[in-house]
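What follows is a single structure, written as structure tokens, with notes after it.
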Amino acid sequence: MRRLGAVLAKLHLALRHTAETGALAAVPDCIAADVVTPERAAEKADRLTSAARSHGPGDAFDAAVLVALAKRRVLLAEYAALRPEGDVPAGPYGWTHGDFQYRNLLWTEGELTAVLDWDRLGVRPYAEEVVRTAQVQFGVEGVFDLERVAAFVSGYRSMVPLEPAALLDAARRLWWKRMTDFWQLEFHYDRGDHSCDDLFIADETLLHWWTERLDEVERAFGGAL
């Protein structure tokens, strides 16, 4: 896991060099990240609840969604005070891959030979990509493998010395994004696209586990596990 973290760090360094040579656009002086308010998230939850109920008796997914949205509104009310402060993320930023994860890495005989799917290439906080990658890689079956998270972060920091404060900020922002985001349900009810239904159930399980252990998860990202 340390090796994977180091690979991501090397990728960020290579992208930084590419921008410095002019092959990528220069990194802006500052970036901002929208922090959804609890009220906006509750409004989305209410709208999607109405959409699920509009199906009449509905099916098993509709029933699960209604239960999940009721629980989500409780979480939003209970944890609103822990919403990230400000719309300027902490720590350095630059060009990032945007979807660095196992599905987009091609290995041959134990060596990384290609990084695929660059359609999300963009300027972001480095810590944001570190935390998101760890969540995708090690947030499976409704729990985080915190030892692997810590090892991955350690591997990254062996190449790029991100401060713990930046990683903690990114972890809190990703947790809040998951708390206030309903994209799988928007696919399902707004677009008629059911391909991400299983992701909603899995992400909802992880969200509750993560919320109950918020301090423990953030210690893993901050290197204090």
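Can you find a residue in segment 15-27 that is assigned to a helix (DSSP H, G or I), closer than 30 Å to GLY192 by Cβ and open to solvent by less than 50 Å² (accessible area, probe 1.4 Å)?
no
I'd like the residue in segment 57-85 that is open to solvent by 50 Å² or more (accessible area, probe 1.4 Å) and in a loop (DSSP other than H, G, I, E, B) and, out of all such residues, is farthest from VAL7 (Cα to Cα).
It comes out as PRO57.
From the residues in segment 29-55 that are part of a loop (DSSP other than H, G, I, E, B) and open to solvent by less than 60 Å² (accessible area, probe 1.4 Å), which one is farthest from LEU69 (Cα to Cα)? Steps first, answer last, please.
Taking segment 29-55 as the starting set, the residues that turn out to be part of a loop (DSSP other than H, G, I, E, B) are 29-37, 54-55.
The next check asks that each one be open to solvent by less than 60 Å² (accessible area, probe 1.4 Å); those that pass are 31, 33, 35-37.
Working: ILE31: 32, ALA33: 25, VAL35: 20, VAL36: 17, THR37: 16 Å.
Here the answer is ILE31.
List the residue pairs whose Cβ atoms are under 8 Å apart, where the first residue sits in segment 1-26 and is over 26 Å from GLY110 (Cβ atoms) and at pLDDT below 95, the second is part of a helix (DSSP H, G or I) and open to solvent by less than 80 Å² (accessible area, probe 1.4 Å), and the two are 6 or more positions apart or on different chains.
Going by the 8 Å Cβ cut-off, the qualifying pairs are LEU24/LEU15; LEU24/THR18; ALA25/ALA19; ALA26/ALA19.
State which residue pairs qualify: first residue farther than 20 Å from VAL88 by Cα and inside segment 150-167, second residue assigned to a loop (DSSP other than H, G, I, E, B) and open to solvent by 70 Å² or more (accessible area, probe 1.4 Å) in any location, beta carbons under 6 Å apart, and separation of 6 or more residues or different chains.
Final answer for the pair search is ALA150/LEU225; ALA151/MET1; PHE152/MET1.
Among the helices (runs of 4 or more DSSP H) contained in segment 100-210, which hold 3 or more residues that are open to solvent by less than 10 Å² (accessible area, probe 1.4 Å)?
Details: elements: 126-138, 146-157, 164-180, 183-191.
So the answer is 126-138, 146-157, 164-180.
The values are calculated or read from the model by the stated rules, or taken from the named source; none is laboratory data. The model shown is predicted, which means the values in this text are computed figures rather than measured ones. A quick note on method: Cβ atoms are made from the backbone with ideal geometry, for glycine too, and the neighbour counts reach across all protein chains shown. Accessible surface areas use protein heavy atoms only, side chains included; no ligands, DNA or RNA. Shrake-Rupley method; radii C 1.70, N 1.55, O 1.52, S 1.80 Å.
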